[in-house]
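Single-structure report; data block below.
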Amino acid sequence: MNVWPLKFRELPDGSMLFSDDAGRFFKADDGFLDRYATDELSVADRSFLKEGSHSFDREFDLPWTSFAYRWSQRQSRPEKMNYVILVPTLRCNLACGYCQVSRAPDSARGFDWSDETLAGVLLFLGGLEGPDIKVEFQGGEPLLRVDLLETVRDFCREKFSQSRFVVCTNLQKLDTRAWAFLDADDTFISTSLDGDRTTHERQRTHDDNVTDGFFRNLEQAVARYPKGKISALPTVDVANPPDFDALLDNYERYGIRSVYLRPINHQGFARKLDQGDNVLARWNRLHSEFIDLLIARNHRTGRFMEEYYFTQCLKRVLRFDTNNHVDIRNPNFFASDYVVIDYDGRFYPTDEARMLSRIGRIDLGIGDVATGIDQRKVEALNSGAFNHFDPDCIHCAYQPFCGTDVVDDISRYGRIDVPRPDTWFCGRHLSLFDKAFEVLYRKDKPTRASLAAWLGVAAWDDGMAPVHS
Amino acid sequence: MTDTTESDFVVDIPPRFHEYLDAALLRVQVIHPGCQFSRSGCAISVRARDGHSEAQIRKTVLHAVYREKIYAETLGMRQALVAAVTAR
C-alpha cells in the first residue's frame with residue numbers, strides 16, 4: 001500500500017491535523033504521526049487511510065485515479081476572460097481617511113476616461129469571446145460618470161448573451177439618472193458600511209449631514225430593491241474597531257446577512273496609517289472573536305449571518321466548487337479570467353496591483369487598451385501564482401485550501417520570495433484555517449447550526465470532520 | 001521585552017532520518033531565527049535563545065525531520081500525479 005503524502009499541523013489546542021494534497025483531512029494523535037513517519041503504520045492505521053482514500057496500491061488503479069480527480073478538482077483552472085473591473089473615473093465625492101487609491105477631488109480634471117479610452121475599452125470588451133461577462137464599476141465614485149456606465153452596459157448587453165453589472169458606490173449622491181441606472185435587474189450595488197453610524201461617520205463621511213445623506217440613500221435602496229441586490233463591506237481599523245454587535249445589527253437592519261470583514265488595505269495610500277504594533281496578531285484575534293460572536297448571535301436570533309471570507313475558507317476545506325474566488329484560489333493566474341482597466345486605460349492584473357502602482361512603489365501595469373495586455377509581464381507575475389511546490393507550503397496542512405498573493409507580498413516586502421510563514425498572507429490564512437478547523441471539530445449545537453447554514457447543508461454530520469483514534 | 005533565557009541541549013535523531021537532517025536544519029533555522037542549530041553526527045545541537053521551551057523546539061526539530069523525509073520519499077508520487085493530470 002502507498003500512502004499519499006500527508007501534511008500535518010499541530011493546532012493551537014494541541015491536537016494534530018493531517019491533510020493530503022487533494023484536501024482530505026483528519027485528526028489523529030502524535031502516536032500516529034510517529035508511526036507514519038517511521039513507516040510503522042498499524043493495521044488500524046492502514047485501514048483508516050485506505051477508507052479515507054489516502055492510499056493506493058498501483059498508479060492508475062481506482063483509488064489513485066480517484067485521488068487524481070479530487071486533486072484536479074481543487075485546482076483553479078483558467079477560464080475565458082469574463083470579469084472586468086472598470087474605473088471610469090478616479091474622482092470621488094468623499095475623502096475617506098484610508099482611501100486606498102488616492103481618489104481625485106470631485107471637481108478635478110483629467111481623471112475620467114477620455115473618448116479614446118472609452119473606445120479602447122469597448123474594443124477590448126468586443127474582443128472577448130463570451131458568452132457571459134461580469135462588469136464591476138469601481139472608482140473613485142463611478143456614478144459621477146453614469147453616462148460612461150450606460151455606454152458600457154448598453155454595449156455589453158448587445159455583445160454578450162449574459163451580462164451582470166456591479167456598481168461599487170458610496171451611495172452618497174444619487175440623482176434621477178443614477179437611480180434609473182441602478183434600477184435595472186442585471187445591475188447590483190456594492191457599497192461600504194463601516195458598522196454603526198458613529199464608526200461610518202468617523203471613517204468615511206466626517207459630517208452629520210453627509211452621513212444622513214448616505215443612510216437616506218441606503219434606506220431608499222433597501223426599500224426599492226429586492227434582497228440580494230445590495231451588498232456591503234465594512235473596512236475595519238484594527239486600532240479602532242467598531243462595536244461588532246452594532247455592526248451586525250446595522251447590516252441585518254438593511255437586509256444584508258453576509259459581512260466581508262476587511263482590514264485596512266496595505267496596497268494603497270492607507271499603508272501610511274499608524275495602526276500600532278502587532279497588527280496581524282491583533283487582526284487575527286479580532287476576526288476570531290467575530291466568528292465566535294456570529295455563532296452566538298445566530299444561535300440567539302435564529303437568523304444566520306456570515307463572515308463572507310470565512311465561509312469561503314470553510315467551503316474550500318469541504319467542497320470542490322469554490323475554486324474561483326479571486327482572493328483565494330490556487331493557482332491564481334493573472335489576467336486569465338479577469339482584469340482591471342483604470343481611468344487612464346491602463347490594464348492591471350488586480351485592483352490591489354492598481355493601488356500599488358498608483359502610489360509609485362512599482363509599476364504593475366500590464367499594458368493598456370490601445371496596445372493590449374503585456375503577456376511578458378503577466379508571465380513574470382504568474383511565476384509566483386501557485387503554492388504547490390513552495391518550500392513552506394508543500395509541508396503545510398492548509399496548502400490544498402489556501403492560495404497565494406504575489407501582489408500583497410510585493411506590497412509589503414518588495415519581493416515574492418520571503419519565507420511564507422513570515423508573510424502577512426500566510427499569517428492571516430494560518431489563523432483563518434486554524435479557526436476554520438477549530439470550528440469544524442466543535443460539537444456544540446450553536447456551532448453546528450451555523451456551520452450547516454454557512455456551508456449550505458441540511459445538518460452537520462460528524463463524518464465531515466474525521467478523527468483517527 | 002526580549003526573552004534572554006538560554007538553554008543548550010541535543011536532539012538525538014534516529015539513524016533512519018539522518019539523510020534528511022541537513023534539509024530539516026535549514027527549515028528550523030528559519031522557524032527559530034533566535035536559536036542556533038548545528039549538526040553533530042547523528043544529532044542536532046541547539047542553543048535556544050528565543051524564549052521557546054526545550055520541549056517545543058525538540059518537537060519542531062523532529063517535525064521538520066519528519067517533513068523532509070515524507071517530502072523526499074513522496075516527491076515521485078507528486079510528480080507522477082501532476083504529470084498525469086496536466087498531460088495534454
field: Selection count where residues are of a type in the set (A, V, I, L, M), part of a loop (DSSP other than H, G, I, E, B) and within 30 Å of residue A:205 (Cβ to Cβ), scope segment A:44-95
entry: 4
- request: Scan segment A:281-316 for residues that are of a type outside the set (A, V, I, L, M) and open to solvent by less than 10 Å² (accessible area, probe 1.4 Å) and jot them down.
  value: A:283, A:290, A:297, A:298, A:307, A:309, A:310, A:311, A:313, A:316
- prompt: If you go through segment B:26-38 one residue at a time, how many are touching a residue at least 24 places away in the same chain (Cβ under 8 Å), open to solvent by less than 70 Å² (accessible area, probe 1.4 Å) and not in a strand (DSSP E or B)?
  reply: 3
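Could you look through segment B:28-64, keep only residues that are in contact with a Pro (Cβ under 8 Å, 6 or more places away or on another chain) and more than 18 Å from residue B:16 (Cα to Cα), and pick out the one that is nearest to the other protein chains (Cβ to nearest Cβ)?
Step by step, filter segment B:28-64, then rank; the result is B:30.
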- request: Using the structure shown, decide if residue B:17 is in contact with a helix residue (DSSP H, G or I) (Cβ under 8 Å, 6 or more places away or on another chain) and within 10 Å of chain A (Cβ to nearest Cβ).
  value: yes
- request: Return the residue satisfying two criteria in turn: it lies in segment A:42-83 and is in contact with an Asp or Glu (Cβ under 8 Å, 6 or more places away or on another chain) and away from chain B (no Cβ under 12 Å), and of such residues it is most open to solvent (accessible area, probe 1.4 Å).
  value: A:80
statement: The number of residues in segment A:388-408 that are small (Gly, Ala, Ser) and either more than 11 Å from chain B (Cβ to nearest Cβ) or farther than 20 Å from residue A:15 by Cβ (or both) is 1
- prompt: Is it the case that some residue within segment A:175-191 is modelled with pLDDT under 90 and out of contact with any helix residue (DSSP H, G or I) (no Cβ under 6 Å at 6 or more places or on another chain)?
  reply: no
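Is it true that residue A:367 is among the small types (Gly, Ala, Ser) and at positive phi?
yes
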query: Could you say whether any residue in segment B:70-78 is at positive phi and more than 12 Å from the chain's Cα centre (by Cα)?
result: no
task: Scan segment B:39-70 for residues that are outside any helix (DSSP H, G or I), open to solvent by less than 60 Å² (accessible area, probe 1.4 Å) and hydrophobic (A, V, I, L, M, F, W, C) and jot them down.
output: B:43, B:44, B:46, B:48
task: State whether the residues of segment A:23-31 include one that is more than 13 Å from chain B (Cβ to nearest Cβ), at pLDDT 95 or above and touching a helix residue (DSSP H, G or I) at 6+ places or on another chain (Cβ under 6 Å).
output: yes
task: Write out, first by first residue and then by second, each pair whose Cβ atoms fall under 9 Å of each other, whose residues are 6+ apart or on separate chains, and whose first residue, in segment B:1-20, is in a loop (DSSP other than H, G, I, E, B) and modelled with pLDDT under 70 while the second is surrounded by 12 or more Cβ atoms within 10 Å (Cβ to Cβ) and among the hydrophobic types (A, V, I, L, M, F, W, C).
output: B:5/B:48
task: Only helices (runs of 4 or more DSSP H) wholly contained in segment A:373-468 count here; list those with 2 or more residues that are open to solvent by 50 Å² or more (accessible area, probe 1.4 Å) and within 30 Å of residue A:124 (Cβ to Cβ).
output: A:375-382
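The values are calculated or read from the model by the stated rules, or taken from the named source; none is laboratory data. Note that the structure is predicted; figures quoted are calculated from it, not measured. Cβ atoms come from the backbone with ideal geometry, glycine included; neighbour counts cover every protein chain shown. Ligands, DNA and RNA are stripped out before the accessible areas are found, and what is left, the full protein with its side chains, is counted by its heavy atoms. Shrake-Rupley method; radii C 1.70, N 1.55, O 1.52, S 1.80 Å.
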